[in-house]
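S.K.: Provided herewith is a single structure, encoded as C-alpha coordinates, for subsequent inquiry.
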Amino acid sequence: MRVSAGKPRTPILVGIVEDHPAMLFGTVAILNNTTDIRVAASGAAAADIVARARRLDVVLLDLSLSDGTDPASNVRTLAPFGTSILAYTSGSQPHLIREAARAGAAGMIHKSARIEVIIDSVRSAARGQTIASPNWAAALESDRDFVSAHLSRREAEVLSLYASGETAERVAHALFLSRETITDHVRRIRVKYAAVDRAAPTKVDLFRRAVEDGPVPQDR
(Lines give C-alpha, C1' and ligand atoms only; values in the text may rest on other atoms or scores of the structure.)
Protein backbone atom coordinates (compact mmCIF):
# COMPACT_ATOMS: atom_id res chain seq x y z
CA MET A 1 0.00 0.00 0.00
CA ARG A 2 1.37 3.41 -0.97
CA VAL A 3 1.82 5.85 1.89
CA SER A 4 1.28 9.53 1.18
CA ALA A 5 4.36 11.67 1.61
CA GLY A 6 2.24 14.62 2.73
CA LYS A 7 1.87 15.84 6.26
CA PRO A 8 -0.27 13.45 8.37
CA ARG A 9 -3.73 14.77 9.08
CA THR A 10 -4.42 15.67 12.70
CA PRO A 11 -6.96 13.19 14.04
CA ILE A 12 -10.38 14.26 15.28
CA LEU A 13 -10.19 14.12 19.08
CA VAL A 14 -13.33 12.82 20.74
CA GLY A 15 -14.53 12.79 24.34
CA ILE A 16 -17.26 10.41 25.49
CA VAL A 17 -19.44 10.91 28.57
CA GLU A 18 -21.08 7.53 29.15
CA ASP A 19 -21.65 5.62 32.39
CA HIS A 20 -22.58 2.27 30.84
CA PRO A 21 -19.28 0.32 30.54
CA ALA A 22 -20.34 -1.93 27.66
CA MET A 23 -21.70 0.97 25.61
CA LEU A 24 -18.58 3.02 26.33
CA PHE A 25 -16.27 0.16 25.34
CA GLY A 26 -18.13 -0.42 22.10
CA THR A 27 -18.17 3.25 21.10
CA VAL A 28 -14.46 3.65 21.83
CA ALA A 29 -13.71 0.59 19.70
CA ILE A 30 -15.83 1.89 16.80
CA LEU A 31 -14.18 5.30 16.72
CA ASN A 32 -10.61 4.15 17.34
CA ASN A 33 -10.93 1.68 14.48
CA THR A 34 -10.90 4.58 12.01
CA THR A 35 -7.81 6.29 10.61
CA ASP A 36 -8.83 9.84 11.44
CA ILE A 37 -10.66 9.69 14.79
CA ARG A 38 -9.24 9.07 18.25
CA VAL A 39 -11.02 8.92 21.61
CA ALA A 40 -8.91 11.24 23.76
CA ALA A 41 -10.96 11.07 26.95
CA SER A 42 -13.90 9.15 28.37
CA GLY A 43 -15.69 8.95 31.67
CA ALA A 44 -18.96 8.51 33.50
CA ALA A 45 -19.38 12.24 34.13
CA ALA A 46 -18.79 15.45 32.21
CA ALA A 47 -16.32 16.60 34.87
CA ASP A 48 -14.20 13.52 34.15
CA ILE A 49 -13.73 14.64 30.53
CA VAL A 50 -12.78 18.15 31.55
CA ALA A 51 -10.14 16.76 33.92
CA ARG A 52 -8.67 14.34 31.35
CA ALA A 53 -8.37 16.36 28.16
CA ARG A 54 -6.98 19.71 27.11
CA ARG A 55 -8.47 19.77 23.63
CA LEU A 56 -11.39 17.97 22.02
CA ASP A 57 -13.10 18.39 18.67
CA VAL A 58 -16.32 16.50 19.45
CA VAL A 59 -17.95 15.28 22.66
CA LEU A 60 -20.56 12.51 22.77
CA LEU A 61 -22.79 13.13 25.78
CA ASP A 62 -25.14 10.54 27.24
CA LEU A 63 -28.21 12.48 28.34
CA SER A 64 -29.32 10.22 31.19
CA LEU A 65 -26.45 9.69 33.61
CA SER A 66 -26.60 7.88 36.94
CA ASP A 67 -24.97 10.80 38.76
CA GLY A 68 -28.24 12.71 38.45
CA THR A 69 -26.87 15.56 36.35
CA ASP A 70 -29.04 17.04 33.63
CA PRO A 71 -28.11 17.68 29.97
CA ALA A 72 -28.04 21.47 30.33
CA SER A 73 -25.57 21.45 33.25
CA ASN A 74 -23.37 18.92 31.47
CA VAL A 75 -23.31 20.99 28.28
CA ARG A 76 -22.25 23.97 30.39
CA THR A 77 -19.53 21.90 32.05
CA LEU A 78 -18.17 20.91 28.63
CA ALA A 79 -18.49 24.42 27.15
CA PRO A 80 -14.85 25.45 27.83
CA PHE A 81 -13.74 23.06 25.08
CA GLY A 82 -15.59 25.24 22.58
CA THR A 83 -16.40 22.14 20.62
CA SER A 84 -19.37 20.33 19.09
CA ILE A 85 -21.38 18.44 21.71
CA LEU A 86 -23.61 15.66 20.42
CA ALA A 87 -26.40 14.03 22.40
CA TYR A 88 -25.55 10.32 22.44
CA THR A 89 -28.80 8.69 23.45
CA SER A 90 -31.42 6.06 22.86
CA GLY A 91 -33.84 8.84 21.93
CA SER A 92 -36.49 7.55 24.34
CA GLN A 93 -36.66 10.80 26.34
CA PRO A 94 -37.47 13.69 23.99
CA HIS A 95 -37.52 16.25 26.80
CA LEU A 96 -33.83 15.53 27.50
CA ILE A 97 -33.02 15.97 23.82
CA ARG A 98 -34.82 19.31 23.84
CA GLU A 99 -32.95 20.38 26.97
CA ALA A 100 -29.61 19.52 25.37
CA ALA A 101 -30.54 21.43 22.22
CA ARG A 102 -31.53 24.52 24.20
CA ALA A 103 -28.22 24.36 26.07
CA GLY A 104 -26.24 24.34 22.81
CA ALA A 105 -25.79 20.72 21.70
CA ALA A 106 -25.08 20.47 17.98
CA GLY A 107 -27.19 17.41 17.27
CA MET A 108 -27.75 13.80 18.20
CA ILE A 109 -26.40 10.35 17.50
CA HIS A 110 -28.71 7.45 18.26
CA LYS A 111 -26.94 4.71 20.19
CA SER A 112 -28.43 2.06 17.92
CA ALA A 113 -27.29 3.82 14.74
CA ARG A 114 -25.18 1.91 12.22
CA ILE A 115 -21.43 2.12 12.72
CA GLU A 116 -20.93 4.17 9.56
CA VAL A 117 -23.60 6.65 10.71
CA ILE A 118 -21.86 7.14 14.06
CA ILE A 119 -18.50 7.69 12.37
CA ASP A 120 -19.87 10.04 9.71
CA SER A 121 -21.74 12.03 12.36
CA VAL A 122 -18.56 12.58 14.37
CA ARG A 123 -16.72 13.72 11.25
CA SER A 124 -19.53 16.11 10.32
CA ALA A 125 -19.71 17.52 13.84
CA ALA A 126 -15.96 18.14 13.78
CA ARG A 127 -16.57 20.29 10.68
CA GLY A 128 -19.12 22.33 12.63
CA GLN A 129 -22.22 20.81 11.08
CA THR A 130 -25.47 20.14 12.93
CA ILE A 131 -26.34 16.44 13.16
CA ALA A 132 -30.09 16.50 12.64
CA SER A 133 -31.20 12.88 12.97
CA PRO A 134 -34.92 12.03 12.69
CA ASN A 135 -35.15 11.66 16.50
CA TRP A 136 -33.49 15.04 16.98
CA ALA A 137 -35.82 16.72 14.51
CA ALA A 138 -38.90 15.07 16.03
CA ALA A 139 -37.94 16.14 19.55
CA LEU A 140 -37.37 19.75 18.51
CA GLU A 141 -40.55 19.81 16.46
CA SER A 142 -42.57 18.96 19.56
CA ASP A 143 -40.81 21.66 21.58
CA ARG A 144 -43.22 24.57 21.35
CA ASP A 145 -42.40 26.02 24.76
CA PHE A 146 -46.05 25.34 25.40
CA VAL A 147 -46.08 25.53 29.18
CA SER A 148 -44.21 28.83 29.48
CA ALA A 149 -45.89 30.42 26.45
CA HIS A 150 -49.49 29.29 26.88
CA LEU A 151 -50.23 28.07 30.40
CA SER A 152 -50.47 30.18 33.50
CA ARG A 153 -48.41 29.13 36.51
CA ARG A 154 -51.52 27.72 38.16
CA GLU A 155 -52.51 25.80 35.02
CA ALA A 156 -49.02 24.29 34.85
CA GLU A 157 -49.37 23.17 38.49
CA VAL A 158 -52.76 21.63 37.78
CA LEU A 159 -51.44 19.86 34.68
CA SER A 160 -48.50 18.43 36.60
CA LEU A 161 -50.68 16.95 39.34
CA TYR A 162 -53.73 15.94 37.32
CA ALA A 163 -51.77 14.37 34.46
CA SER A 164 -49.66 12.43 36.97
CA GLY A 165 -52.76 10.49 38.00
CA GLU A 166 -54.32 12.57 40.76
CA THR A 167 -58.07 13.06 40.78
CA ALA A 168 -59.60 16.50 40.49
CA GLU A 169 -60.56 16.25 44.16
CA ARG A 170 -57.01 15.50 45.30
CA VAL A 171 -55.55 18.25 43.08
CA ALA A 172 -58.06 20.67 44.57
CA HIS A 173 -57.06 19.64 48.09
CA ALA A 174 -53.33 19.98 47.30
CA LEU A 175 -53.73 23.45 45.82
CA PHE A 176 -56.40 24.67 48.29
CA LEU A 177 -58.91 25.20 45.49
CA SER A 178 -62.39 23.88 44.77
CA ARG A 179 -63.00 20.86 42.56
CA GLU A 180 -64.93 23.10 40.16
CA THR A 181 -61.94 25.41 39.82
CA ILE A 182 -59.66 22.46 39.00
CA THR A 183 -62.14 21.16 36.45
CA ASP A 184 -62.24 24.60 34.85
CA HIS A 185 -58.43 24.74 34.72
CA VAL A 186 -58.30 21.32 33.04
CA ARG A 187 -60.90 22.43 30.51
CA ARG A 188 -58.88 25.55 29.64
CA ILE A 189 -55.68 23.51 29.36
CA ARG A 190 -57.38 21.18 26.87
CA VAL A 191 -58.66 24.15 24.87
CA LYS A 192 -55.18 25.63 24.69
CA TYR A 193 -53.63 22.36 23.52
CA ALA A 194 -56.34 21.95 20.89
CA ALA A 195 -55.64 25.46 19.65
CA VAL A 196 -52.10 24.46 18.67
CA ASP A 197 -53.15 21.16 17.06
CA ARG A 198 -52.05 19.05 20.04
CA ALA A 199 -55.46 17.94 21.22
CA ALA A 200 -55.63 16.15 24.59
CA PRO A 201 -59.24 14.97 24.98
CA THR A 202 -58.42 12.21 27.50
CA LYS A 203 -56.37 12.05 30.67
CA VAL A 204 -53.87 9.78 28.91
CA ASP A 205 -53.45 12.45 26.25
CA LEU A 206 -52.85 15.06 28.94
CA PHE A 207 -50.22 12.82 30.49
CA ARG A 208 -48.46 12.56 27.13
CA ARG A 209 -48.50 16.32 26.65
CA ALA A 210 -47.23 16.86 30.20
CA VAL A 211 -44.31 14.49 29.55
CA GLU A 212 -43.53 16.16 26.23
CA ASP A 213 -43.56 19.63 27.75
CA GLY A 214 -41.89 18.97 31.08
CA PRO A 215 -44.43 19.16 33.93
CA VAL A 216 -44.33 15.37 34.33
CA PRO A 217 -40.92 13.59 34.25
CA GLN A 218 -40.44 11.03 31.47
CA ASP A 219 -39.67 8.17 33.85
CA ARG A 220 -42.90 8.30 35.84
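The values are calculated or read from the model by the stated rules, or taken from the named source; none is laboratory data. All figures in this text were calculated on a predicted structure; none of them were measured in a lab. All Cβ positions, glycine included, derive from the backbone under ideal geometry; neighbour counts span all protein chains shown.
S.K.: Only one of (1) under 18 Å from the mean Cα position of the chain (by Cα); (2) surrounded by fewer than 18 Cβ atoms within 10 Å (Cβ to Cβ); (3) outside any loop (DSSP other than H, G, I, E, B); (4) touching a residue at least 40 places away in the same chain (Cβ under 8 Å) fails for I30. Which number is that?
M.R.: Unmet for I30, out of (1) under 18 Å from the mean Cα position of the chain (by Cα); (2) surrounded by fewer than 18 Cβ atoms within 10 Å (Cβ to Cβ); (3) outside any loop (DSSP other than H, G, I, E, B); (4) touching a residue at least 40 places away in the same chain (Cβ under 8 Å): (1).
S.K.: Those residues that are part of a helix (DSSP H, G or I) and of a type in the set (V, I, T), I need them from the stretch 157-178; list them, please.
M.R.: V158, V171
S.K.: Also, quick follow-up: Condition check: assigned by TED's automatic domain parsing to the domain that holds D19, at positive phi and buried (at least 18 other Cβ atoms within 10 Å of the Cβ). Does G91 satisfy that?
M.R.: yes
S.K.: Kindly indicate whether any position in the stretch 52-62 is assigned to a helix (DSSP H, G or I) and within 22 Å of I97 (Cβ to Cβ).
M.R.: no
S.K.: If you take the residues of the stretch 64-87 that are among the hydroxyl-bearing types (S, T, Y) and surrounded by 14 or more Cβ atoms within 10 Å (Cβ to Cβ), which of them is nearest to V50 (Cα to Cα)?
M.R.: Across the stretch 64-87, the extreme among qualifying residues is T77.
S.K.: How about the stretch 188-202: which of its residues are out of contact with any Leu (no Cβ under 9 Å at 6 or more places or on another chain), touching a residue at least 12 places away in the same chain (Cβ under 8 Å) and surrounded by 12 or more Cβ atoms within 10 Å (Cβ to Cβ)?
M.R.: Result: R198, single match.
S.K.: Only one of D48, D67 is at pLDDT 90 or above, acidic (D, E) and not in a loop (DSSP other than H, G, I, E, B); which?
M.R.: Exactly one of D48, D67 is at pLDDT 90 or above, acidic (D, E) and not in a loop (DSSP other than H, G, I, E, B), namely D48.
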